Every structure is written in structure tokens, then in C-alpha cells.
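What follows is a short report on a single structure.
The values are calculated or read from the model by the stated rules, or taken from the named source; none is laboratory data. Since this is a predicted model, take the numbers as computed values, not measurements. No Cβ is skipped: glycine too gets one built from the backbone with ideal geometry, and neighbour counts run over all protein chains shown. These accessible areas exclude ligands, DNA and RNA; they are computed on the full protein's heavy atoms, side chains included. Shrake-Rupley method; radii C 1.70, N 1.55, O 1.52, S 1.80 Å.
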Amino acid sequence: MAEYLNIALPKGRLGEKAYDILEGIGFGCPSIREQNRKLIFENEENHVRYFWVKPSDVAVYVERGAADVGIVGKDILLEQGSDVYELLDLGIGKCRMAVAGIKGTRLTTDKTLRVATKFPNIAREYFRRQSMEIEIIKLHGSIEIAPILHMSDVIVDIVETGTTLKENNLEPLEDIVPISARLIANKASYQFNYERVRKMCEKIEELREKAK
Ligand code: PRP
């Protein structure tokens, strides 16, 4: 086993959960637990190398082959339309993409709907299928503020517990798609590392079965 398997993890809680799964199936890298600001960790014994990257960059590293596999939210995959293999639903990071607005908001087709979102492609595609005219207002966070300040009519955003919406007097209006973390692979590297990556998938599936 000469080559290292390069794994891109999303920085943050989701990445830590994903690492726990990978450690649990024999892809551990103990140095990653050290509390420091390093971004790359290797385990010489089992030839794995982990990178902590910004969640929205994981698929970029994988698509370009800098990482062989990665863990990424389905929201990001849908938004970026990345050219990678989606191998497995890890069943973590579960939430949903939804349209939300101030309580009592009605979605009407009589005027162009102003949609604030971090996910313009997902929003455009959703409203295109509903044959609704929209104007996208691209934001990078705290999306919930936009309808409160009447900058947008609705938002398209991630809803996990629903607390952020509730505490800002907003409500979900329509669900777009369920979201969870996915294991993805670079297309060329998947052929090259087929045995190892398939084994990784099988073990994760076994672990998920046991946890049911
Ligand atoms: C996400 C999302 C919502 C919130 C939903 O925001 O954009 O604001 O979580 O979670 P909840 O339903 O459990 O309240 P994030 O924390 O990523 O921050 P952001 O405002 O920068 O998008």
C-alpha cells in the first residue's frame, strides 16, 4: 500500500463527525485530534492524509484530484454541480433546503419574487420548475434578515432545527430537498483506488446498519 489516500474534510462539527466514522472503520489518523491549527495530517501506518478545508471547497479539492475522496453536504454538491462521484450518504448533517418567509407569506405568481439565498442555483432551479419568475439576491450568511428588512420576499436556506427561523419570526413555506453529508470521490482516482475506496464504502455501510 504505497500511495496515500487523500481525504478532504469540511472544517467544523460535520467534519469532526465524519472523521469519527472514518476512524471507526480503520482510517484513523490520531494526530488529527491534537488541538492546533495545522490543516494537513498524515498517518504513515495506514497511509491516509487528511486536509481540513472550508466546507464549500471540499468538492473543488476532490474534483481537481488534490483529494481522492471528501465529505461534503448535498447542499453544496447541488449548488456547485461538481463533476465527482457521489458514493454514499453518510446519514449525518441531516437538514433540509427550504423556502421560508415571514409568517403568513404567500407565494404568488403575479410579481417577480425576490429570493435571498446562499444557494442561487438551487433556488433558480426550484422556482424554474414551479414556473415562477424570481430575482436572486445573493448573500453569504444571516439570510434570515433579508425578508425582515423587506429586502427580499422569501429566502432559500438550510433548515435544521428550525430555531433560527422561529426566533426571527419566519416560517418554512415549502421544502425543496432533504440534505445530508455525502462521501464523494474524484473520478479518475476512484478507478485507481477502487479496492480501497469500495472497502471504505462497505465498512461505512456496515457501521450505519449496526447503528440502526
Ligand atoms: C445555517 C442556516 C440557517 C441555520 C439553520 O446557518 O443558514 O441560518 O443554520 O439552522 P437551524 O434550523 O437549526 O436554526 P449557519 O449557522 O451556517 O450560518 P450562516 O448564517 O452564516 O448561514
* Structure fact -> Across region 122-155, the tally of residues that are more than 16 Å from the ligand (Cβ to nearest atom) and out of contact with any strand residue (DSSP E or B) (no Cβ under 8 Å at 6 or more places or on another chain) stands at 6
* Taking region 156-173 as the search range and keeping residues that are in contact (Cβ under 8 Å) with a residue 40 or more places away in the chain and more than 30 Å from Y85 (Cβ to Cβ), which one is nearest to the ligand (Cβ to nearest atom)? -> L165
* To do: Report, by residue number, each residue of region 84-108 that is farther than 18 Å from D175 by Cα and either more than 15 Å from the ligand (Cβ to nearest atom) or not in a loop (DSSP other than H, G, I, E, B) (or both).
  => V84, Y85, E86, L87, L88, D89, L90, G91
* Asked: With (1) under 30 Å from L207 (Cα atoms); (2) outside the structural domain of K187 (by the TED database) as the list, and V99 as the residue in question, which single condition is left unmet?
  -> (1)
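Would you point out the residue of region 132-145, among those that are farther than 17 Å from N121 by Cα and not β-branched (V, I, T), that is least open to solvent (accessible area, probe 1.4 Å)?
Per the criteria, the residue is E144.
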* So which residues in region 104-132 are more than 19 Å from D75 (Cβ to Cβ), of a type in the set (K, R) and at pLDDT 95 or above? -> R114
* **Matching residues in region 146-187 - criterion: being surrounded by 20 or more Cβ atoms within 10 Å (Cβ to Cβ), under 18 Å from A116 (Cβ atoms) and among the charged types (D, E, K, R)** => D153, D157
* On the given criteria, is R114 farther than 26 Å from A181 by Cβ, in a strand (DSSP E or B) and away from the ligand (no atom under 13 Å from the Cβ)? -> yes
* Structure fact -> If we ask which residues in region 97-149 are of a type in the set (A, V, I, L, M, F, W, C) and under 20 Å from T164 (Cα atoms), their number turns out to be 16
* Asked: What do you reckon, is Y190 out of contact with any Gly (no Cβ under 9 Å at 6 or more places or on another chain), open to solvent by 80 Å² or more (accessible area, probe 1.4 Å) and more than 14 Å from the ligand (Cβ to nearest atom)?
  -> no
* Asked: Restricting to strands (runs of 3 or more DSSP E) lying wholly in region 13-77: which have 3 or more residues that are crowded, with 16+ Cβ neighbours inside 10 Å and within 21 Å of the chain's Cα centre (by Cα)?
  -> 48-53, 69-73
